[in-house]
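K.L.:
Okay, handing you the structure first.
No value in this document is a laboratory result; all are computed from the given coordinates. From a predicted model like this one, the values you see are computed outputs, not experimental measurements. Every residue, glycine among them, receives a Cβ derived from its backbone with ideal geometry; neighbour counts consider all protein chains shown.
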Amino acid sequence: KAGVTQTPRYLIKTRGQQVTLSCSPISGHRSVSWYQQTPGQGLQFLFEYFSETQRNKGNFPGRFSGRQFSNSRSEMNVSTLELGDSALYLCASSGKSDRGLSYEQYFGPGTRLTVT
Amino acid sequence: DQQVKQNSPSLSVQEGRISILNCDYTNSMFDYFLWYKKYPAEGPTFLISISSIKDKNEDGRFTVFLNKSAKHLSLHIVPSQPGDSAVYFCAASARYSGGGADGLTFGKGTHLIIQP
């Protein structure tokens, strides 16, 4: 099976702009989660989508949003970029059951976002 | 407030010996624990997991031990190999009784260096 893919791999944006990142989960996986990794804060949970619905959300401002499509592909959007948004954004998919059990999450390679 | 702590930022072990990575957690709602391995410029790779109903899970050279009363888990790698050199993250999740689960909460990671 192909792994989780993320596009683009690298991105440079200017403060105030907005950005959209894309994630394609492992075939058959219906849950997609997004994480932000920074040197200071480590890996932090942004949100999780399951069957096109946001099921869980981490402690991030409303500038961070996402959506999931019927084919389970997901996008993450950050509006009004700030310098502190520079990070590695990781997407993970899992084969969650309808009961929502936490199965293992499989990560993509990430998108490195630099805000200048 | 860090709910998952990896108190050793780095660990150096000789090739062929046992590597023991430790992780402590504070949230008693966590009931599923995972270990991930991460190389630079790549997403985390799932290694092994354990549910709170167990106290040990083995997969080849990797064994995870869970001590619920102490809120402590550890990852043992035996024997350690040069390719094991990477950053290891401990992660935890809480499942809701009504279905669904929190995203993963990660520790800050331990950089394992295997010396020849």
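K.L.:
So how do B:Ser10, B:Ser49 line up by other beta-carbon neighbours within 10 Å, fewest first?
P.N.:
B:Ser10, B:Ser49
K.L.:
How high is the relative contact order of the stretch B:1-81? Use alpha-carbon pairs under 8 Å, at least six apart in sequence, and give a whole percent.
P.N.:
So the answer I get is 33 percent.
K.L.:
Let me ask you something else. What is the stretch A:1-44's relative contact order, in percent, from Cα pairs under 8 angstrom and six or more apart in sequence? Mind showing how you got there, number by number?
P.N.:
Details: 31 pairs, mean separation 15.7, N = 44.
Contact order relative to length: 36 percent.
K.L.:
To make sure I understand, if each residue's beta carbon is the centre and we count other beta carbons within 10 Å, what order do B:Thr105, A:Thr116 fall in, fewest to most?
P.N.:
By the 10 Å Cβ count, ascending, the order reads A:Thr116, B:Thr105.
K.L.:
Give me the one-decimal nm value for the distance between modelled label points at A:Leu11 and B:His76, 7 Å along each residue's Cα-to-Cβ direction.
P.N.:
Those two pseudo-labels are separated by 4.4 nm.
K.L.:
Now for a separate question. In the Gaussian network model of chain A, springs joining C-alpha atoms below 10 Å, which of A:Gly62, A:Gly84, A:Gly28 carries the largest mean-square fluctuation?
P.N.:
Highest fluctuation among the options: A:Gly62.
K.L.:
Considering chain B as a Gaussian network with a 10 Å cut-off on Cα pairs, which listed residue, B:Leu73, B:Leu47, B:Leu34, attains the greatest mean-square fluctuation?
P.N.:
B:Leu47
K.L.:
Sticking with this structure for a sec: Identify which of B:Ser12, B:Ser69, B:Ser52 has the largest mean-square fluctuation in a Gaussian network model of chain B, with springs joining Cα atoms closer than 10 Å.
P.N.:
B:Ser69
K.L.:
Let me ask something else. At A:Leu83 and A:Gln18, where each label point lies 7 Å from the Cα along Cα→Cβ, what is the point-to-point distance in nanometres?
P.N.:
Going from the A:Leu83 label point to the A:Gln18 one covers 2.4 nm.
K.L.:
Please report the relative contact order for chain A, taking Cα pairs under 8 Å with a sequence separation of at least 6, and give it as a percent rounded to a whole number.
P.N.:
This gives 35 percent for chain A.
K.L.:
Listed here are the pairs B:Lys5/B:Lys108; B:Lys38/B:Lys108; B:Lys5/B:Lys37; B:Lys68/B:Lys108; A:Lys57/B:Lys71; which of them are more than 18 Å apart at the Cα?
P.N.:
From B:Lys5/B:Lys108; B:Lys38/B:Lys108; B:Lys5/B:Lys37; B:Lys68/B:Lys108; A:Lys57/B:Lys71, over 18 Å: B:Lys68/B:Lys108; A:Lys57/B:Lys71.
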